Amino acid sequence: MIEWLDFLLEAKKATYAGEGPEGLSSRPLSHDLEYRKGDLLYIDTYLGSEKFSGQEGVWVSGQPVWAMNYTGRVNGEGFNGDFLKEALWHASASHPFRGPELYQSGDYSYECAATGDLDWFQGAEVIRLRGQQIYECFFHGGAVK
């Protein structure tokens with residue numbers, strides 16, 4: 001297992017999924033979330049809201065080791081940002097990119113499909129409300145050397 005994978009999952013829960021505080025914007029109107037533990041650093045920075053694009057990265061001892069780019073949009077009525085954060089909270093070591101393969105709560109369902117591994121991957125996630133798609137996001141990334 002990659003030595004920083006547990007850190008990545010912890011960082012995701014401590015930032016966006018866990019409603020962690022935003023830091024200073026690195027670019028005009030960007031949302032920047034940062035988490036540190038020892039010599040490990042995680043940064044998630046994104047632009048937009050209902051239509052958004054961003055990047056997550058992990059650094060070990062000041063060296064970048066991993067990055068993921070993502071872009072998505074709300075494309076239906078009834079989107080619930082709290083449900084998205086709840087789903088992302090359930091990322092696991094076997095599926096660490098965004099959220100779990102399937103998560104449901106009430107009338108909402110979250111689905112995430114990805115190919116590859118932390119070294120090289122791509123995937124997509126959707127949220128449905130009573131079966132109707134209301135959100136989509138595409139992501140890709142991998143090791144940085």
Could you state the accessible area per residue of the chain in Å², with a 1.4 Å probe and every protein chain left in place? 55
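Roughly how large, in nm² to one decimal, is the mean projection of the convex hull of the alpha-carbon atoms in the stretch 43-85? If you can, show how the numbers build up before the last one.
Details: hull surface 14.3 nm².
Averaging across all directions leaves 3.6 nm² for the Cα convex hull.
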With springs connecting C-alpha atoms under 10 Å apart, model the chain as a Gaussian network and identify which of Gly99, Gly57, Gly38 has the largest mean-square fluctuation. Gly38
Computed ³J(HN,Hα) along the stretch 9-18: with the Karplus parameters 6.51/-1.76/1.60, θ = phi - 60°, integer Hz and x for glycine or proline, the list is 5, 5, 5, 4, 6, 8, 10, 4, 4, x
GNM flexibility winner over the chain from Arg128, Arg98, Arg27 (Cα, springs under 10 Å): Arg27
Pop the C-beta distance of Glu86 and Gln63 into the FRET formula with R0 = 30 Å and round what comes out to the nearest 0.05. 0.35
With charges set only on the Cβ (+1 for Lys and Arg, -1 for Asp and Glu), what does the dipole of the chain come to about its Cα centre, in debye to the nearest 20? 200
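Translational diffusion coefficient, Stokes-Einstein: compute it for the chain using the Kirkwood radius over C-alpha pairs as Rh, at 37 °C and 0.692 mPa s, and state it as an integer in µm² s⁻¹.
Numbers: Rh = 15.4 Å.
D = 213 µm²/s.
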Accessible area of the stretch 51-145 with a 1.4 Å probe: how many percent of it is carbon plus sulfur? 48
Using the Karplus equation 6.51 cos²θ - 1.76 cosθ + 1.60 (θ = phi - 60°), what ³J(HN,Hα) coupling, rounded to whole Hz, does each residue of the stretch 119-124 give in order, writing x for Gly and Pro? 6, 6, 8, 7, x, 8
Name the residues of the stretch 95-131 whose amide N is less than 13 Å from a point 7 angstrom out from the Cα of Asn75 along the C-beta direction? 124-128
Could you tally up the Lys pairs in the chain with alpha carbons closer than 25 Å? Skip any pair fewer than 8 positions apart unless they're on separate chains. 10
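The values are calculated or read from the model by the stated rules, or taken from the named source; none is laboratory data. All values derive from a computational prediction rather than experimental measurement. Here the Cβ is made from the backbone with ideal geometry for all residues, glycine too, and neighbour counts use every protein chain on show. Calculation scope for accessible area: heavy atoms of the full protein, side chains included, ligands and nucleic acids excluded. Shrake-Rupley method; radii C 1.70, N 1.55, O 1.52, S 1.80 Å.
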